[in-house]
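Student: Take a look at the following structure, please.
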Amino acid sequence: MELTVDAALLPLLPPRARRAGRLVVRHEEHVTAGHVVQSAGVPLPEVGSLTADGTRVSPADRLRPGAALHARAAPRPEPVPAGGFLLDVHLGSLARRMRLLGLDAAWSAHADDPDLVVRACAEGRVLLTADRGLLMRRALPRGALVRGAGADEQLTDVLDRFRPALAPLTRCTSCGAPLRAAAKEEVAAELPTGTRRSVDAFSRCTACGRVYWRGAHARRVDEVLRRVGAPPS
């Protein structure tokens, strides 16, 4: 049988199939469409729909010998999950950038793959990862492959895929919890002398207690917003 994919999925195929634009697969008894696609290196969360000989099929459908299977890329934008985002251990820099923009981006430096799947299920989050193997876990309810060589490119990819509403400087970059307004008198003892003299508006993290004010962080946020084509904060 033959597998073809949309152009957006071609980079996920083996090099030879990438160049040819198709992959010839040996038929196996009881093989399913989803198995063929994932065996070729394309995680099912990256697939929007499947057709076999022009007829739409599900990942669980079995294929006849000689079938022509085509995988379409997941459409963009996708809806943002109610539970927010969950990032794997390798995406800490991306998580901090997402938090700067006010996105609910959970991340831990110590979570292993089973922990991530359990948390994604329990909290209704979409798992962001560059690990295709992790996205192929059956127990994972929803995931997305993050593309890009660094955090800036990865952020552009995530914002393009989900188009989330942004609320810059409303979350703690350290733990991701929401910020609340804090009176200057409340935080004065924790401020550098120069900041205490020149700044009057502050926020405090509702979880870890970290104090924030508009300064270097705000300039960095504005740079990120300009990069992704959004108005400054």
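The values are calculated or read from the model by the stated rules, or taken from the named source; none is laboratory data. For clarity, every value in this text was computed on a predicted model and none was experimentally measured. Every residue, glycine as well, gets a Cβ built from its backbone with ideal geometry; the counts of neighbours run over all protein chains shown. Note: areas computed on protein heavy atoms with side chains; ligands, DNA, RNA excluded. Shrake-Rupley method; radii C 1.70, N 1.55, O 1.52, S 1.80 Å.
Student: Tell me which of Pro79, Ala111, Leu44 sits at the most positive position along the dipole axis of the chain, charges placed on C-beta atoms (Lys, Arg +1; Asp, Glu -1).
Tutor: Pro79
Student: Order these peptides, 2-9, 86-93, 51-58, by their mean beta-carbon neighbour count within 10 angstrom, highest first. List each step's numbers first, then the result.
Tutor: Values: 2-9: 17.5, 86-93: 20.0, 51-58: 12.8.
Descending mean neighbour count gives 86-93, 2-9, 51-58.
Student: When Cα Rg over 2.2 N^0.38 Å is calculated directly from the model, which label among (i) 1.01; (ii) 1.33; (iii) 1.25 fits?
Tutor: For Cα Rg over 2.2 N^0.38 Å, the calculated option is (iii).
Student: Under a crude label model (7 Å from the Cα following the beta-carbon direction), how far is Ser174 from Thr55 in nanometres?
Tutor: For the pair Ser174/Thr55, the computed spacing is 6.0 nm.
Student: If you don't mind, another one. Which value in nm describes the separation of the simple spin-label points at Arg197 and Glu185, placed 7 Å from the Cα toward the beta carbon?
Tutor: 2.3
Student: May I pose another question? Over region 9-82, what percent of the accessible surface lies on carbon and sulfur atoms, probe 1.4 Å?
Tutor: That fraction is 54 percent.
Student: Quick check for you: with a 1.4 Å probe and neighbouring chains kept, what is the accessible area per residue of the chain, in Å²?
Tutor: Heavy-atom accessible area per residue stands at 52 Å².
Student: Then there's this: Size of the dipole of region 69-191 about the Cα centre, Lys and Arg at +1 and Asp and Glu at -1 on the beta carbon, nothing else charged, in debye to 20? Intermediate results must be reported in sequence, preceding the final value.
Tutor: Working: 17 positive and 15 negative charges, 95 e Å.
Once rounded to the nearest 20, the dipole reads 460 debye.
Student: Once both labels are modelled 7 Å past Cα along the beta-carbon direction, what's the Cys208-Ala20 spacing in nm?
Tutor: 5.0
Student: For Arg171, which sequence-distant residues (separation of 5 or more, or a different chain) have an amide H within less than 5 Å of its own amide H, given hydrogens modelled in the peptide plane?
Tutor: Residues meeting the amide H criterion: Gly102, Leu179.
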